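Structure record follows, encoded as structure tokens.
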Amino acid sequence: MKKSARSFITADRLGTVEKAFAHALLLMFVLISPAYTLSDSGLDSGSIKQARQELFVTAEEVKQMLDTKKPLALVDIRSQGEYSQAHIPGSLNIRVHFIRTKILLKSSPVVIVTDGYQYAGLEPECKRLTEQGFLVTILFGGLNSWKHAGLPLEGEAWMAKTFDHISPEAFYLEKGYGHWVVLDASGKDAGKQSMPYAVRFDPDAQLFAPSRLKGTVEKNRKSGQCLVLIANDTGAEYQSIARIVSKAELKNVFYLEGGIRAYDQYLKSAALSQEPKEKRVQKIQKCPTCGG
């Protein structure tokens, strides 16, 4: 498949609303889970969950299947708004819970396309679809992997730049799987308390060459395929880190939105939400300068 120029289309802004709704659902999921504190031990050896590697297919493998004209259906399960903003040419936009109603999809292998980090909710859904006669796999690294493989996309060019972003809420649900390697790039162990499983990576260190970064990831990966999360203190200035990542030729790298501070705040807010109402009510004092 030859890399083609991206076409530009009008964005459907419904995607923003649907993302906000999805984040609300994620928070509800966390709130009914066991209580937790800022000491988030999600990747400790005793709690790591292993993803089913046979469910994954790489962007290069998909490209090869398309090049050889093998029967294949690419099913993008994101919202209609997100799909309109950017998608793989020829892919179908079907929400995951509607795939089972598309009987014609049983006639060829189905590759599920996401932003790239989703697995926690997809594994049981793939199991159900397999039991119903579908042959399904998941594009490992999703659109983020597709973009970095230099493969064509249709939609708005700016949208492709967001594929490697992940929110604190989304990462919290995914972090327990062994295909994650988490790097604390704050330079001061900012995630030592909230992300004790993170490996320190100081992008400002003169001796931290791209080859050393790649070696760090290889040393800490726990499965054949891995996703890399990089989090600095505030989520700002990821550009300089991205340059090192590019030189290291790392694949499937994601950056934590808002950085470690945002993740800390997310854990605090979720923990506070489980406290009795009287403990959650905060006393508001008058502003000494404005009298408010």
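The values are calculated or read from the model by the stated rules, or taken from the named source; none is laboratory data. Only a predicted model underlies this, so the values are computations on that prediction, with no experimental measurement involved. Glycine also receives a Cβ, built like all others from the backbone with ideal geometry; neighbour counts cover every protein chain displayed.
A few points about this structure:
- Of all the listed residues (ARG100, ARG6, ARG78, ARG13), the sole one being at pLDDT below 50, among the basic types (Lys, Arg) and surrounded by 15 or more Cβ atoms within 10 Å (Cβ to Cβ) is ARG6.
- In the condition set (1) over 13 Å from the mean Cα position of the chain (by Cα); (2) closer than 20 Å to VAL245 by Cβ; (3) without any contact (Cβ under 8 Å) to a residue 40 or more places away in the chain, LYS192 is compliant with all but (2).
- Among the residues making up the stretch 230-241, those that are surrounded by 13 or more Cβ atoms within 10 Å (Cβ to Cβ) and either without any contact (Cβ under 8 Å) to a residue 40 or more places away in the chain or closer than 19 Å to TYR197 by Cα (or both) are ILE230, ALA231, ASN232, ASP233, THR234, GLY235, GLU237, TYR238.
Here's the yes/no breakdown for (1) under 19 Å from GLU82 (Cα atoms); (2) at pLDDT below 95; (3) surrounded by fewer than 21 Cβ atoms within 10 Å (Cβ to Cβ); (4) assigned by TED's automatic domain parsing to the domain that holds VAL111:
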| position | (1), (2), (3), (4) |
| --- | --- |
| ILE138 | yes, no, no, yes |
| GLY142 | yes, no, no, yes |
| SER145 | yes, no, no, yes |
| GLY178 | no, yes, yes, no |
| ALA185 | no, yes, no, no |
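- As a summary of the residue check, ARG200 satisfies the conditions (1) in the same structural domain as ALA86 (by TED's automatic domain parsing); (2) surrounded by fewer than 20 Cβ atoms within 10 Å (Cβ to Cβ); (3) in contact with a Ser or Thr (Cβ under 9 Å, 6 or more places away or on another chain); (4) more than 21 Å from LYS63 (Cβ to Cβ) except for the one numbered (1).
- Top-ranked residue in the stretch 150-169 [being modelled with pLDDT under 95 and small (Gly, Ala, Ser); ranked as surrounded by the most Cβ atoms within 10 Å (Cβ to Cβ)]: GLY155
- Considering the conditions (1) in contact with a His (Cβ under 6 Å, 6 or more places away or on another chain); (2) at pLDDT 95 or above, CYS226 is excluded by exactly one of them, (2).
- Of all residues in the stretch 46-81, those being under 14 Å from TRP146 (Cβ atoms) and under 17 Å from the mean Cα position of the chain (by Cα) number 6.
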